[in-house]
Structure formats: structure tokens, C-alpha cells
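What follows is calculated from the coordinates using simple rules that are stated; it is not laboratory data. Values in this document were obtained by computation on a predicted structure and should not be read as measured data. Every residue, glycine among them, receives a Cβ derived from its backbone with ideal geometry; neighbour counts consider all protein chains shown.
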Amino acid sequence: MKVLALVLCVLAGAVPASATTLSRFDHIVIIVQENRTPDNLFYALCRGRPCSIHPTGNQYDIQTANWLDKDATGGVITPAPLPLDIPYGPSHTHADFLAMCDFADGACKMDGAGDVECRKCTPNTTFTYVDDSKGTIDPYLFLAANYGWANYMFQTNQGPSFPAHQFLFGGTSAPSKGDDHKGTFAAENAKNDAKMNGCIAPSGTTVALINAHGLEKKATYPCYEHQTLGDLLDAAKISWRYYTPGAGDLWSAPDAIQHICVPSNGVCTGAIWREHLALNPPDVVADVQKCQLPEVSWVIPSALYSDHAGSNDGSGPNWVAGVINAIGNSPCTNADGSSYWNSTAVLVTWDDWGGFYDHEPPTFLPYPEGGYQYGFRVPLLFVSAYTPQGYINNEPQDFGSIVRLVEFNFGIPMGELTFADARSTRNLVKFYDLAAPPRPFQSVPAGSIEGILSGRVPLEPPDDD
């Protein structure tokens, strides 16, 4: 079924409007998908909708032709369609960032994607877009068309998943607060591709550090000590959970924080870790069904329903839709009588660019953080009852914007961590208006996620990158 038709579907599962105006969201759910850019994953938005390159108005910033490649005849390539569940994917280390960026005269030329390493790839895999002919990504397109879309959302870091998830949870990938302030960050995944990472990684596991000059000259054991957003929420008595497919994988960000993990004999034993970690992503749906949705949630998919090239089976869009439908159709209410739908913001983003082409060059922060910030664009969807249909935001955002929004929403001083939350000047507040009447929920047309919820889908991290 095509998305243009889906947008015209009749309202389903409508929830009555709350009688009172919210002063804040009662719940913020952060769903983190894997390894895609707007040009790669949302190419199909341009079928029947206005798209442009570097728009300033109400257009999607998606490029559908003439992708730059300094090695191509004529310097441009026509992108080719591939399914979401391809069995291989481009590399996306910091070195691959530099190759795609092709830095010159203080900016990225964005013509080096052909130099990105791609193991087991067909030619020009980086120059592809996700084929929408079978409706696989219709749930994502529906969400973009019906809620909020960020044209200029950039990952904060210039590398792969481990540092990206550190920024999403703690506002930094630095080993310590002092390292953050001098521009030293964890830049890569574990050098030995350890199955266990963070503070429970095997002895000898190291992660490369990058300095303020953008050089990787040192590597350390990936167990860090600094405050995180989780600590700020605990201090403010705000409930939170981190739903992840397992302890010790690259995506389980709290495992790399010493005082949260408290490692012992290869496992995390800390009271904070035991209280807040849910080692089964579908538990977020179970918690919604039990009317126990935390005030803040990070939701990390397992391999098959991630969008990670080489790992997924194409069910990622259905999974995201399933979580949102569970919230939107929930009969649960909060203490003030508001429904879950009328009191929840769901943010869907992707942890890194995955090595796929994107035409928008990142900007760089001033010294010292600019040695590793910012990276390439990733998609961001903002879903709430107070987000105008088809809203497009043209302000620059990054992972720090998400941390900052959570702080703002729950009355925590913005920038309290003094990490990316302080360096970000945005907090996503233009994606919603809590003084407006809440929009009735319209179920996201999608297939069943019963197999995921029943446990028939194995719990596996998306990959080793």
C-alpha cells in the first residue's frame, strides 16, 4: 500500500482530548534505530511531496539525483534502489567519515562516499536508497508525513555506534568530564570487536580516543566515569528505563559508566543498573500495557528489527510503529487524567549514518570539541499529539538537542551536564505546542509485531559496528 493512500486512512483508535492543558510531557520515549541517512532511508518522501536541496521552507531536504563522487565519471552518480534488509553494509568509522567528507577549505565537500570501505558490498552500495516498492518503510513515511521531521538533524559524533549511544545517553563519549572539556572523546567501537563492551569488556579491550585536533593517538579501556542524563533524572526523581537487547553490547550505553555498571566478574552489579536496565526491548510495550511506562525511556532494537545493514530482516519500521501504536491506543491515564497519547512525545532517530551517502555537509564546532563534532545527518521523527501534521523543522539539531529537550521538559537546567547538552543551542521545542488541542491518535498502518513481542525473535545486538 502506498503512503499517499495511507495518509488518507480513517482515524483509528482515537483517544479523547484531555480536559486540561499540559505544562510538560509526562513521558518522553527515545527510540534509537540504526545506521541510515535521510537521503538513503527517506528518498521515497519525495514521491508526490516537495523536496529540495538545502531548503528553507516547508520542503524535505532529500537529494534524489546527482549524488557527488569525486571518482565517478562526470563526478556524479545516480542512486540505485536496494531493499532495507541488505546482507552487507558500508563501514562507518571515523576514517570513513573523513573519506566521505573530503575536507577542504574548512568544510566537507561531500564527494568522497566512493572511498568508504564496504566489505562484501556490491559496487557503489554507499550510493543507494531504500526501495519502497513493497511498502517496507511505509510506517516511517507515514510518521514523517503526519508528525514532525527534522531536515537538519546531525549525529554529534563522527563515527560509529559505541560513541553515538554514549552521546544519546550521557551527552558525551569522553572518558571523564575533564576529557570532554578538552575535546578528547571515544571515537570508535572496541578495537577487538569484543562481544562484551563497556565496563564488562574482556581485559585488553580498547577503544580509540580522538583529540581536539581530530587525531586518534591513544586507546583506553571503555569504562568511563562522569554524570549522565540518567543521573540527572534520578536526582530529580524522574523515572527512567533503558530497554536494550543485552548487557555489554555497543548499544547498552549505561554499561560503560563505572558508577552505573559497578562491574564484578564480567557483569554489571550496580543498584542503578539493576533498577533501570531492561534487557529485552519489547518490555517497553509490556510496560505500556501494564500502565507502567517510565517518564523517560531509551529503546534500542534487537538485530532483526533494527535498520542495521547486514543484520535486519526489514521489520524495523513495523517495530517502531508497534511501539507508537501501543502508546497511542493505550487506555492508560496519568495522575492528572491525561491519556498516554496526550502526554507522550516519541522521538525516533538513528544512531549514525551507517556509511551511506548524504548530501548535507556537517558544520564543525569551535575548538576543542570540533575535532570530533559534528558528524553526518541522521533522520529524526518527532511524534506527539501536539505536533502539527507534516511539520518540517529547518533548525540544526544533534543528539545534544535530545538530551536538552529532556532536561527542559522535566525542569532540569538545560546544559546541566555541560556536555553536548550545553553545546547544543536547540531543544526541539518547536516540534510541539502544548497549548494546542491534542490531535486524536491515528494508528500507524503497519504489520504485526507479535513475533517480536512473543520472544520468537532472538535477542541479539544489531552488529559489531
With +1 on each Lys and Arg Cβ and -1 on each Asp and Glu Cβ, how big is the dipole of segment 62-122 about its Cα centre, in debye rounded to the nearest 20?
140 debye
Taking Cα pairs closer than 8 Å and at least 6 residues apart, the relative contact order of the chain in percent is 27 percent
Positive-end extreme of charge dipole, segment 328-465 - chosen from 337, 400, 357 (charges on Cβ):
337
Sort segment 138-187 into rounded, prolate or oblate with this rule: let a ≥ b ≥ c be the square roots of the eigenvalues of the Cα gyration tensor; rounded if a/c is under 1.5, and if a/c is not under 1.5, prolate when a/b is larger than b/c, oblate otherwise.
prolate
Could you bin all the Cα-Cα distances of segment 227-376 into 10 Å bins starting at 0 and give me the percent of pairs in each, rounded to whole numbers?
9, 31, 34, 22, 4
Integer Hz, Karplus 6.51/-1.76/1.60 couplings in order for segment 52-60, x for Gly and Pro:
7, 9, 6, x, 10, x, 8, 10, 7
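With runs of 4+ DSSP H residues as the only contributors, calculate the mean residue ellipticity of the chain at 222 nm using -39,500 (n - 2.57) per run, divided by the residue total and rounded to the nearest 500.
Working: 14 runs with 96 residues, N = 465.
Per the formula, -5000 deg cm²/dmol.
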Of 167, 139, 125, whose Cα points farthest to the positive end of the dipole of segment 110-177 (charges on the beta-carbon: +1 Lys, Arg; -1 Asp, Glu; origin at the Cα centre)?
167
How do 241-247, 76-82, 35-41, 93-99 rank on mean C-beta neighbours within 10 Å, highest first?
35-41, 241-247, 93-99, 76-82
Take the chain, drop everything but the C-alpha atoms, weight them equally and run the Debye formula without solvent; then report log10 I(q)/I(0) at 0.08, 0.12 Å⁻¹ to two decimals.
-0.41, -0.99
If we count other beta carbons within 10 Å of each Cβ, what is the order of 176, 161, fewest first?
176, 161
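Calculate the dipole size of the chain relative to its Cα centre from +1 charges on Lys and Arg beta carbons and -1 charges on Asp and Glu beta carbons; express the result in debye to the nearest 20. Present the calculation step by step, with values, prior to reporting the outcome.
Numbers: 27 positive and 49 negative charges, 146 e Å.
It works out to roughly 700 debye.
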With label points built 7 Å along Cα→Cβ from the Cα atoms of residue 262 and residue 212, find their separation and express it in nm.
3.6 nm
Extreme residue, positive dipole direction of segment 75-211, given options 185, 151, 81 (C-beta unit charges):
185
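What's the Cα-based Rg to Rh of segment 152-261, Rh via Kirkwood? Don't jump to the answer; show the numbers that get you there.
Details: Rg = 13.4 Å, Rh = 14.0 Å.
Rg/Rh: 0.95.
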Going by a ≥ b ≥ c, the root eigenvalues of the Cα gyration tensor, does segment 123-166 fall in the rounded group (a/c under 1.5), the prolate group (a/b larger than b/c) or the oblate group?
oblate
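Sequence gap of 8 or more, or different chains, plus Cα separation below 18 Å: how many lysine pairs satisfy both in the chain? Before the final figure, lay out the partial values.
Details: 2/134; 70/109; 177/218; 182/217; 182/218; 191/217; 191/218.
Counting lysine pairs in the chain gives 7.
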Taking the Cα centre of segment 126-183 as origin and charging only Cβ (+1 Lys, Arg; -1 Asp, Glu), how large is the dipole, in debye to the nearest 20?
200 debye
Between rounded, prolate and oblate, where does segment 59-215 land on the alpha carbon gyration tensor, with a ≥ b ≥ c its root eigenvalues, rounded for a/c under 1.5, else prolate if a/b exceeds b/c?
prolate
